[in-house]
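Right, one structure below, let's go through it.
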Amino acid sequence: MTEPSERRRLTPGQWFVVGQFTLLLGVVVAPGSPQPRSRIMTVPGAALLTAGALLAGWGLRSLGRNLTALPEPVEHAELVETGVYRWVRHPIYGGLLLLAGGWSLRRGSPAGLALTAALLGLLQAKARYEEQALSARFPGYPEYARRVRRFLPGVY
């Protein structure tokens, strides 16, 4: 058995990932109706789910070999400003938010919507942490950040 001083501690970046996946799991299992109760929630929920999947998928594809769940760039990272990154700095985070919100709406889950709001707060903090690392690594990042929205193209 290892001594407490010998245990590996999670880095701040790893804590962000743990929190992110915990909140996403909470959204998925939050109480709600398995069958949507009305079109008022079904249609917007489905639209958000679709938009979130497309945005996150495009982000994954555009990021390519630079992909990591951690908010620090990988060793061989390059600054990506093409594909969806031309319009949004964190499309995967934006896509996750749309997916969580759409899932919660579609299921009529107030608890899921509250967890989605918590996810927004966590992803804002994770993005700020990541942007500090990217600014330190890539001299052009601050200018890129001034030009390009954080989570959703043309919105936020």
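Does region 110-118 include one or more residues that are within 22 Å of LEU10 (Cα to Cα) and open to solvent by less than 30 Å² (accessible area, probe 1.4 Å)? Explain how you work it out, then say what you get.
We begin by selecting, within region 110-118, every residue within 22 Å of LEU10 (Cα to Cα); these are 118.
Retained after the next criterion (residues that are open to solvent by less than 30 Å² (accessible area, probe 1.4 Å)): none.
No; the residues of region 110-118 include none that is within 22 Å of LEU10 (Cα to Cα) and open to solvent by less than 30 Å² (accessible area, probe 1.4 Å).
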Scan of region 87-109 for residues that are assigned to a helix (DSSP H, G or I), touching a residue at least 60 places away in the same chain (Cβ under 8 Å), open to solvent by 10 Å² or more (accessible area, probe 1.4 Å) and touching a helix residue (DSSP H, G or I) at 6+ places or on another chain (Cβ under 7 Å), ordered by number: LEU96, TRP103, LEU105, ARG106
Based on this model, can you work out whether ALA56 counts as closer than 19 Å to LYS126 by Cβ, outside any helix (DSSP H, G or I) and of a type outside the set (Val, Ile, Thr)? no
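Rundown of residues vs (1) at pLDDT below 95; (2) among the β-branched types (Val, Ile, Thr), yes/no style:
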{"site": "THR116", "(1), (2)": "no, yes"}
{"site": "LEU120", "(1), (2)": "no, no"}
{"site": "GLN124", "(1), (2)": "no, no"}
{"site": "TYR129", "(1), (2)": "no, no"}
{"site": "GLN132", "(1), (2)": "no, no"}
{"site": "ALA136", "(1), (2)": "no, no"}
{"site": "ALA145", "(1), (2)": "no, no"}
{"site": "PHE151", "(1), (2)": "no, no"}
{"site": "VAL155", "(1), (2)": "yes, yes"}
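Consider LEU49 carefully, then state whether it is touching a helix residue (DSSP H, G or I) at 6+ places or on another chain (Cβ under 8 Å) and touching a residue at least 24 places away in the same chain (Cβ under 8 Å).
yes
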Select from region 36-64 the residues that are modelled with pLDDT under 95 and open to solvent by 60 Å² or more (accessible area, probe 1.4 Å) and list them in ascending order. ARG37, ARG39, ILE40, MET41, VAL43
Flagged in region 74-127 as touching a strand residue (DSSP E or B) at 6+ places or on another chain (Cβ under 8 Å) and polar (S, T, N, Q), in numbering order, are none
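The values are calculated or read from the model by the stated rules, or taken from the named source; none is laboratory data. Keep in mind that what you see is a predicted model, and the values were worked out from it rather than measured. When we count neighbours, we look across all protein chains shown, and the Cβ atoms used for this are built from the backbone with ideal geometry, even at glycine. Keep in mind that these areas ignore ligands, DNA and RNA; they rest on the heavy atoms of the full protein, side chains included. Shrake-Rupley method; radii C 1.70, N 1.55, O 1.52, S 1.80 Å.
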